[in-house]
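Here the structure comes first, spelled out in structure tokens, and everything after it is commentary.
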Amino acid sequence: MPWLADDGPAPLNATELRALTTIRRLGIVGALFLALGSLGAGAVPVINPAHDIPVLSLFTRVTTVSLAIAVAGMLLMVIAWLLYGRYARPARARIATQAQTTRTVVMWLAPLTFIPPLFSRDVYSYLAQSEIVHRGLDPYSLGPAQALGVGDPLTMGVSNVWRETPAPYGPLFLELGSWMSGISGNHIVLGVMLQRAIALVGVALILWSLPRLAKRFGVEPTTALWLGGLNPLLIFHLVAGVHNEALGIGLMMAGLELGLRRLPIRVKGDSTPPLAPGELRYIAFGATVMTLAAAVKINAALALGFFGVMIARRWHGRLSDLARAAAGLTVIFVTVMVAVCLGTGLGFGWIGALGTPGMARTLISPATLLGYLTGGVGIGFDLGVHTHAVMDILSLLGLLAAAVITLHLLWRSFHWQLRPIIGLGVAMAVVMGLHVALHPWWMLWAVIPLAAAAGTSRFRVAATIGSAVLAVVITPTGSPFDGRSFVLPQAYLAAIVVTVLALLVVRRTVPLFARAPIPPMPRRDGSATNTEPATAVTTGSSTLDSRE
């Protein structure tokens, strides 16, 4: 197995630093473009305050130009991220440092902190649902139109499909939102900024936990931060798009880091180490934080299953150990969740509202596409219009398939055939990918855990390709411009031209197509290798986890 020097990869040389600086600037330019374009092509409030601001009001009057600027920003940021990845690969003898990557994340996020929402109008639903809680009403039985009235400024910003639907979010998130609503009232801009502040707390937790988990799993922290923290999906949708996935994923990852903090590293076949000081306390603390993540979005509860496998494997790896771990984590989950539900006064109505997101089916979902295709075939053969019935069946089948695959991944992880955190990432990808209402930002539930442990190229490449594609599949406004379809091709063509010109400017400093040679990594015997550092022991056809 390749040996890495104790000090890890060396820092970049002068030529590489110049290229990295150019890449950073390319990303900042993209972020600035996206920020300016958001004024006219973002998911702006119904009454856009930018109309009254000199100079900036120009962007609100030229929708196609604003969209072209925003799309150009998207493309530049995605390309800059991919180029930065050259200097974050664990195979290189010289890579960017953790501090350089963290600073890059901050620089790319900064221009998008004080802009209108992008890609989705979900934040307006958060504001309306939070106001419902603030007024002492039940968000799990009343939609914004019923609770606040159709003419309320907060209701006006909510997408039509969600105006009469209950909130599908956990009680912790809505309680936090109600506190923010007490500050902002009906002031939409301030409400959006406060919701973005909550999202930034989640992003900060992700940036805090990722490098720590990466070190535990033998992955370069820079690689983890690049794939998980600098990912355009995170920047576009968790920060610019103001989605509560930020807080949910942040708490989930922080819970994993805290829960594993005192858990000894054990290799398969080793004797079970004695109980470490504070081990059980940190396990309980981590499980509590992960339960709080589930009280934001229930998806995070899946992490507790794989965390239980990690605990069982750290003990003796027997079924009885798995049962003990499952029982303990279940007690913590139920206790904390009941405390949150009763403490917030919101009760358990969120359980019945979990199916709300499935009401809006998206075309990027394979299940939805298959449903439309099957329904279209039925119409073509005069079998009737059964598209929605087919989608309901596919939705149920997708749920069952996701459950079976998740159980299989848990079983493989328990038997040391798969690293549990990799199993968590793959399970999240399956659960989200088979949902009829798949959105690009949902896949961050999978990408970020994978970033913490994907030291081998297979998972990292898959997550990279998926992130790059999903980052550009929807428009900044979150709408298809129905009735004005000519806007999209014009804006995208202009954006492509701008992007090509920008790449021509930087091509001398940053090679765009030629793959830079990877300097050989030293072996203990003084020879060299270009192989990526192994993070698992391979036996036959099975990949066994080498570290917990």
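The values are calculated or read from the model by the stated rules, or taken from the named source; none is laboratory data. Bear in mind that the values here come from a model prediction, so they are computed numbers and not experimental data. Positions of Cβ are generated from backbone atoms using ideal geometry, with glycine treated the same way; all protein chains shown enter the neighbour counts. All accessible areas refer to the heavy atoms of the entire protein, side chains included, with ligands and DNA or RNA removed. Shrake-Rupley method; radii C 1.70, N 1.55, O 1.52, S 1.80 Å.
A compact table of results
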| item | result |
| --- | --- |
| Enumeration of residues in the stretch 141-192 that are among the polar types (S, T, N, Q) and open to solvent by 60 Å² or more (accessible area, probe 1.4 Å) | S141, Q146, N160, N186 |
| Unmet criterion (only one of (1) surrounded by fewer than 22 Cβ atoms within 10 Å (Cβ to Cβ); (2) part of a helix (DSSP H, G or I); (3) not small (G, A, S)) for P264 | (2) |
| Meets criteria (touching a residue at least 24 places away in the same chain (Cβ under 8 Å) and open to solvent by 50 Å² or more (accessible area, probe 1.4 Å)) for R212 | yes |
| Residue in the stretch 104-111 that is open to solvent by 10 Å² or more (accessible area, probe 1.4 Å) and without any contact (Cβ under 8 Å) to a residue 12 or more places away in the chain present | yes |
| Sole residue being among the β-branched types (V, I, T) and either surrounded by fewer than 23 Cβ atoms within 10 Å (Cβ to Cβ) or at pLDDT below 90 (or both), chosen from V447, V473 | V473 |
| Per-region count, the stretch 239-258, residues touching a Lys or Arg at 6+ places or on another chain (Cβ under 8 Å) and in a loop (DSSP other than H, G, I, E, B) | 2 |
| Hits in the stretch 408-420 - residues which are open to solvent by 50 Å² or more (accessible area, probe 1.4 Å) and assigned to a helix (DSSP H, G or I) | H408, W411, R412 |
| Hits in the stretch 216-244 (condition: at pLDDT 90 or above and open to solvent by 10 Å² or more (accessible area, probe 1.4 Å)) | P221, W226 |
| Residue pairs meeting the criteria (Cβ under 7 Å; at least 6 apart or on separate chains; first closer than 16 Å to P171 by Cβ, in the stretch 131-152; second among the β-branched types (V, I, T) and surrounded by 15 or more Cβ atoms within 10 Å (Cβ to Cβ)) | P139/I132; P139/V133; L142/I132 |
| Residue check for A454: at pLDDT below 85, touching a helix residue (DSSP H, G or I) at 6+ places or on another chain (Cβ under 9 Å), under 17 Å from I206 (Cα atoms) and hydrophobic (A, V, I, L, M, F, W, C) | yes |
| Any helices (runs of 4 or more DSSP H) falling wholly within the stretch 140-238 and containing at least 1 residues that are of a type outside the set (V, I, T) and farther than 30 Å from Y87 by Cβ | 144-148, 153-156, 171-184, 188-216 |
| Some residue of the stretch 493-508 being modelled with pLDDT of 80 or more, closer than 30 Å to V161 by Cα and of a type outside the set (S, T, Y) | no |
| Every residue from the stretch 16-41 that is modelled with pLDDT under 90, touching a helix residue (DSSP H, G or I) at 6+ places or on another chain (Cβ under 7 Å) and not hydrophobic (A, V, I, L, M, F, W, C) | G37, S38, G40 |
| Residue within the stretch 198-211 that is at pLDDT below 90, within 15 Å of Y126 (Cβ to Cβ) and of a type outside the set (K, R) present | no |
| Qualifying residue in the stretch 291-300 (condition: open to solvent by 30 Å² or more (accessible area, probe 1.4 Å), assigned to a loop (DSSP other than H, G, I, E, B) and at pLDDT 85 or above) | yes |
| Residue check, I405 β-branched (V, I, T), farther than 20 Å from P366 by Cβ and in a helix (DSSP H, G or I) | no |
| Residues within the stretch 316-338 that are assigned to a helix (DSSP H, G or I), surrounded by 13 or more Cβ atoms within 10 Å (Cβ to Cβ) and not polar (S, T, N, Q), tallied | 11 |
| Given (1) open to solvent by less than 80 Å² (accessible area, probe 1.4 Å); (2) over 30 Å from A471 (Cβ atoms); (3) in a helix (DSSP H, G or I), number of the condition G423 does not satisfy | (2) |
| Residue list for the stretch 120-140, filter: of a type in the set (K, R) and over 22 Å from the mean Cα position of the chain (by Cα) | R135 |
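The rows are residues; the columns are (1) part of a helix (DSSP H, G or I); (2) within 18 Å of A224 (Cβ to Cβ); (3) out of contact with any helix residue (DSSP H, G or I) (no Cβ under 9 Å at 6 or more places or on another chain); (4) not β-branched (V, I, T).
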position	(1), (2), (3), (4)
I69	yes, no, no, no
M77	yes, no, no, yes
A99	yes, yes, yes, yes
M107	yes, no, no, yes
I115	no, no, no, no
G136	no, no, yes, yes
